Amino acid sequence: MTQDLVPTAHYESPSEPKGYDFIPGDGPHSTIGETTKISDIVINAGGQDRDTPSEAKDTALGQLRARLTTIQDKINIFLTNKMKEEKSSKELKDLEKKMLDEGVDEGSSDNE
Amino acid sequence: MTDRLVDEAKLLLRNVSFQIVSQGAEALVFKTNIHPYFNDDQDESSYIIKYRPRKPYRHPKIDKSITKSRTIGEVKFMFKLAKAGIRAPRVVSTDYFNGIIWMEHIGYSLPDGKESTLKNWLWYLEKVRGESLSEEVQRICVEVGYLIGDLHLNDMIHGDLTSSNIMLDKKGPALIDFGLSSYSALPEDKAVDLYVLERAMNSTHADYASEYNSWLLKGYEKAHSDGHYSKQANKSFVEIIKRLEDVRLRGRKRSMIG
Amino acid sequence: MTVDLDKYAKPGKSYYIALGLEGSANKLGVGIIKHKLGQLSDSNRAEVLANIRDTYVSPPGEGFLPRDTARHHRNWVVRLIKKALSVAGVKGTDLDCICFTQGPGMGAPLQSVVIAARTLSQLWNLPLVGVNHCVGHIEMGREITRSENPVVLYVSGGNTQVIAYSKQRYRIFGETLDIAVGNCLDRFARTLRIPNDPAPGYNIEQMAKKGKHYVPLPYTVKGMDLSMSGILANIESLAADMFSSKGGKKAVDEETGELITPEDLCFSLQETLFSMLVEITERALAHVQSNQVLIVGGVGSNERLQEMMGLMVRDRKNGSVYSTDERFCIDNGIMIAHAGLLGYRMGQITPLDNTVCTQRFRTDEVFVEWRDD
C-alpha cells in the first residue's frame with residue numbers, strides 16, 4: 001500500500017493574521033465537487049454536461065485528486081462567504097457614509 | 001490596377017484622355033488636361049478625376065448607396081472647405097450616379113516620380129535622403145497640424161486622416177479624400193480624428209512617428225491659440241487633447257475577450 | 001531574412017519539437033510542431049505532428065460562461081495532451097519547450113490552461129514560452145499559406161483587427177471600435193436561438209446561403225476602423241419584431257413585398273459586416289501598398305467572406321488572398337506551438353514567475369524578433 005498524499009491549504013489576511021487552515025478531512029472524497037459543477041443556467045437551458053471529471057482511481061495520485069476536490073470545495077465555500085460578508089459590510093458602510101455626507105435618511109428625499 | 005477597372009472608366013469618360021495617378025482603396029484617381037465643360041485651347045491647367053468604381057464584392061444595394069452618399073458627401077464637404085478657406089482641391093464637376101468627381105489638380109511630382117502626398121514625401125526623405133528630422137520636415141508637420149486645427153475649428157471632421165490624405169503643394173499642405181467626412185462640434189469626434197492620424201503615423205512612419213506627431217499637435221495647438229478664431233478656441237483645444245488621451249487609453253485597454 | 005534562428009539549438013539535434021496549449025476562449029487546443037534547423041522556407045516547412053481540439057458548446061440562446069469554459073478546459077486538458085503525444089508519437093522528454101496562450105482572452109479559461117502548462121514544464125523540466133494569441137494566428141497563417149508579407153485580417157469572436165508587419169512588430173492599422181465581428185454574429189445567433197453547435201457563425205453562414213432579400217442596415221466604417229454595435233442593435237430589433245407574438249410590424253422586402261425571413265436577416269448581416277471588413281482591408285492594402293491578404297481567426301473560415309475578399313483583390317494588380325481551413329483558423333494549439341517555438345528559437349522564454357495570463361495583450365506589444373524584413 002502506497003502512502004496517502006494529503007493536500008493542505010492555508011489562508012491569511014491582514015484582518016485575519018491568525019489565518020485559517022484547510023484539510024480534506026476523513027471523507028469520503030470524490031472528484032465530483034459541490035462547487036465545481038456546471039452552472040445551473042446551462043442545465044436549465046437544456047444543455048448537457050459532458051465535461052464531468054473522470055472518477056478517482058484507487059491509486060495514490062487518484063486519491064490525491066479526490067482529496068483536492070474536497071479541499072477546493074472547502075476553500076470555495078469559505079471565500080464565497082468572505083465575499084458576501086465584505087459586500088454586506090460595505091453596503092452598510094456606504095449607507096452610513098451617505099447619511100453622514102448628504103444627510104439623507106428615510107423620508108427626507110420627498111422634498112426634492 | 002486591373003484593366004477591367006480602366007476599361008470601365010474609359011467607357012464613362014468617353015473622349016477624355018487621362019493618365020492613371022493611383023488606385024486608392026475606394027477610388028481610382030486619374031489626371032487629365034481636359035476641362036469637363038469649357039473648351040479653352042489656352043487652358044494649360046490639369047484636373048483630377050476621382051472615380052469610385054462599382055465594388056463587385058458588395059451587394060448591389062450596399063454598393064449603390066455607399067457610392068452615392070460618399071460622392072455627394074465629398075463634394076459638399078469640398079464646397080464648404082472652399083468657403084471656409086481651408087486648402088483642398090476645388091470641385092469642377094460631379095456625376096453622383098457614376099461616382100465621378102472632377103477637381104482641381106494640386107501637388108507635384110517628387111524626385112522619385114511619386115505624387116507629393118505627405119506619406120510619399122516622408123518616405124522619400126526616410127529612404128533616399130536620410131534627413132527625416134530636418135527643420136523643413138518640422139515646418140511642414142506644423143503646417144499640416146495647423147490645417148487640421150483650422151478644419152476642426154470649423155466643426156468639420158475628415159474621418160480618414162492619414163499621411164496619404166495630405167497633399168503637399170507649392171503653396172502649402174492641403175487635405176484630400178473626404179469620402180468619410182462629417183460635421184461635428186464634439187471634442188470626442190475631433191479627438192478620434194486626431195487619434196486616427198496619430199495611429200496612421202505610428203504604423204506608417206514608425207521610426208520618426210513620435211517627432212512627427214508632436215509637431216503635428218504643435219501646429220494644431222497654434223491654430224487654436226493664434227487668435228483668428230474666438231477666444232473659446234483655446235479652451236476647446238484643452239478639451240480635445242484631454243479627450244485624445246482618453247481615446248488613446250480606450251484603444252489600449254479595449255478588452256479582447258473571446 | 002538574416003535572423004539566426006539556431007543560436008539556441010541543442011548540440012547534436014537537427015530539429016526542435018514544441019507543445020502548444022490554447023484555451024483563451026471556448027476551444028481547448030493541443031498541438032505539437034516540429035521545425036528542422038535553419039530558416040523556414042518552401043522546402044523546409046514546419047511539420048504538424050498533432051493538432052487536437054475540443055470545444056465547449058453551450059445550449060442555444062446561451063453564451064459560454066467563463067467558469068463553465070474553464071471547467072471544460074480543466075477536465076479535458078490531460079486527456080487531450082495524452083492524445084496529442086500519442087498521435088505525434090513523441091514523449092514529453094522529446095520536447096524543447098511548452099508554449100501556452102498568455103492572452104488576450106477570457107481570464108478563467110486562460111488560467112486553467114496555464115496551470116497545465118506550468119505543471120508540464122516542471123514535470124519534464126522544460127522552459128515555458130508565453131504566446132500572444134493573435135500572433136499565433138498570424139504566424140500559423142503565414143506558415144500554412146507561405147504568404148510572405150501579407151496584410152492580415154484577424155477576425156474572431158473576440159478580435160477584429162487589420163494588421164500589417166513593419167519593423168519587427170505586427171502593427172494594428174484598423175480595428176473594431178466596440179464589439180468583435182464574431183461576437184456580433186454570436187449574439188445575433190442567440191437572439192434568433194440559432195444553435196451553438198458546431199458554431200453559431202457556421203450556422204448563420206448556412207442560413208445566409210438561403211437568404212434572398214437584403215435588408216438595409218447601418219454601414220459604419222471610420223477610416224480603417226469600424227463599429228458594429230449599432231448594426232447589432234438594429235438587426236436585433238428587426239428579429240424581435242419578427243418573433244413578436246402581437247403581430248406588430250413585420251419587415252417586408254421593399255421591391256417584392258415578401259416577408260423578411262430569418263435567413264434574409266442572416267444574409268443581410270453577413271453582407272453588411274463582411275463588406276465593411278473587406279473595405280477596411282482594402283484601405284490598409286492601399287495604405288501600405290501591398291496586394292496580399294491573409295485572413296485568420298475563426299470568422300476567417302466563412303466562405304462568403306473569403307469569396308468577397310477574392311473579388312476585392314481581383315481588382316488590384318497581382319492581388320492574392322490567403323486563408324486556411326478550420327483546422328488552423330479556428331483557435332488551435334498548433335499555432336501556439338508554432339509561434340512559441342519561433343520565439344524560443346530566438347531565446348524568448350518565459351520564467352515561471354512571469355507566466356501570469358492577461359486578458360488584454362495587444363498584438364503590437366510582441367517583439368517579432370524572428371523576422372527582420
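The values are calculated or read from the model by the stated rules, or taken from the named source; none is laboratory data. This structure is a prediction, so every number in the text was calculated from the model and none was measured. Backbone-built Cβ (ideal geometry, glycine too); neighbour counts: all protein chains shown. The protein model used for the area step is the full one, side chains on, heavy atoms only, and it has no ligands, DNA or RNA in it. Shrake-Rupley method; radii C 1.70, N 1.55, O 1.52, S 1.80 Å.
Sites counted here are GluC sites (Glu not before Pro) in a DSSP loop (not H, G, I, E or B) having no more than 14 other Cβ atoms within 10 Å; the longest part of chain B that contains none of them is B:132-258.
Solvent-accessible surface (1.4 Å probe) assigned to A:M83 amounts to roughly 140 Å². Within region B:23-118, the chymotrypsin sites (Phe, Trp or Tyr not before Pro) that combine a DSSP coil assignment with at most 12 other C-beta atoms in a 10 angstrom radius are B:Y37, B:F38, B:F97, B:Y108. The Cα center of region C:134-207 and the Cα center of region C:273-324 differ in position by 12 Å. Taking 20 Å as the cut-off, the amide N atoms of region B:187-217 that come nearer than this to a point 7 Å along the Cα-to-beta-carbon line of B:E136 belong to B:205, B:208-209, B:211-213, B:215-216. Put simply, chains C and B cover up around 4100 Å² of each other's accessible surface, both sides summed, when a 1.4 Å probe is used.
A 1.4 Å probe run over the protein assembly as shown, with the rest of the protein chains in place, finds 47 Å² accessible per residue. Put A:R67, C:R193, B:R52, B:R87 in order of accessible area, highest first, and with a 1.4 Å probe you get C:R193, B:R87, A:R67, B:R52.
Leaving out ligands, DNA and RNA, what percent of the accessible area of region B:118-251 is carbon and sulfur, probe 1.4 Å? Heavy-atom surface of region B:118-251 belonging to carbon and sulfur, 1.4 Å probe: 51 percent.
Calculate the FRET efficiency for B:K127 and C:N318 from the Cβ-Cβ distance with a Förster distance of 30 Å, rounded to the nearest 0.05. The calculated FRET efficiency here is 0.85.
Compared with the rule-of-thumb size 2.2 N^0.38 Å for a compact globular protein, chain B has a Cα radius of gyration ratio of 1.06. What shape does region B:118-251 take by its C-alpha gyration tensor, where a ≥ b ≥ c are the square roots of the eigenvalues and a/c under 1.5 counts as rounded, a/b above b/c as prolate, and the rest as oblate? Prolate. Of the solvent-accessible surface of region B:1-104, computed with a 1.4 Å probe over protein heavy atoms with every protein chain present, carbon and sulfur atoms account for 51 percent. Rg ratio for chain A: its Cα radius of gyration over 2.2 N^0.38 Å, N being its residue count, equals 1.67. Placing dummy labels 7 Å off each Cα toward the beta-carbon, the span from B:V16 to B:Y208 is 3.6 nm. Starting from the Cα gyration tensor of the protein assembly as shown, take the square roots of the eigenvalues, sort them a ≥ b ≥ c, and report rounded, prolate or oblate (rounded when a/c is under 1.5, otherwise prolate if a/b is larger than b/c, else oblate). It comes out prolate by the Cα gyration axes.
In region B:184-230, comparing the full protein assembly with the chain on its own, the residues that lose 50 Å² or more of accessible surface at a 1.4 Å probe are B:R199, B:S203.
Computed with a 1.4 Å probe on the full set of protein chains, the accessible area for C:M312 sits at about 0 Å². Residues B:K170, C:K91, B:K31 ordered from highest to lowest accessible area at a 1.4 Å probe: B:K170, C:K91, B:K31. In chain B, taking the dipole from charged Cβ atoms about the Cα centre, the farthest positive-side position among B:V238, B:S69, B:H105 is held by B:S69. Expressed in units of 2.2 N^0.38 Å, where N is the residue count, the Cα radius of gyration of region B:63-165 is 1.25.
Applying a threshold of 20 Å to the alpha-carbon distances of B:K83/B:K171; B:K10/B:K114; B:K171/B:K231; C:K210/C:K249; C:K27/C:K222; B:K31/B:K170 flags B:K10/B:K114; B:K171/B:K231; C:K210/C:K249; C:K27/C:K222 as lying beyond it.
The angle between the Cα long axis of helix C:107-124 and the main principal axis of chain C comes to about 20°, on a 0 to 90 degree scale. Distance from the alpha carbon centroid of region C:1-59 to that of region C:330-373 works out to 12 angstrom.
When the P(r) of region B:101-145 is calculated, the portion above 16 Å amounts to 43% of the C-alpha pairs. On chain C, 50 percent of the accessible area sits on carbon and sulfur atoms, based on a 1.4 Å probe. Among the trypsin sites (Lys or Arg not before Pro) found in region C:208-292, those both in a DSSP coil and sparsely packed, with 16 or fewer other Cβ atoms within 10 Å of their Cβ, are C:K210, C:K212, C:K246, C:K249, C:K250. Between the helical axis of B:135-153 and the dominant principal axis of chain B, each derived from Cα atoms, what acute angle in degrees is found, rounded to the nearest 10? Rounded to the nearest ten degrees, it is 80. What the Cβ-Cβ distance of B:D169 and B:S65 gives, at R0 = 45 Å and to the nearest 0.05, is a FRET efficiency of 0.85.
Please determine, in degrees from 0 to 90 and to the nearest 10, the orientation of helix B:232-253 with respect to the longest principal axis defined by the Cα atoms of chain B, where the helix direction is its Cα long axis. For B:232-253 against chain B, the angle is about 90 degrees. Using only protein heavy atoms and a 1.4 Å probe, how much accessible area in total is buried between C and A, to the nearest 100 Å²? In total, chains C and A hide about 1200 Å² from solvent. Paramagnetic label reach from B:E104 (point 7 Å along Cα→Cβ; backbone nitrogen cut-off under 17 Å): within region B:27-51, residues B:32-38, B:43-50. Taking every alpha-carbon pair within region A:40-80, the share separated by more than 15 Å comes to 61 percent. Structural size metrics of chain C, computed from C-alpha coordinates, are Rg and Dmax of 21.3, 76 Å. By the Stokes-Einstein formula, at 1.567 mPa s and 4 °C, region B:1-104 with its Kirkwood radius over alpha-carbon pairs has D equal to 89 µm²/s.
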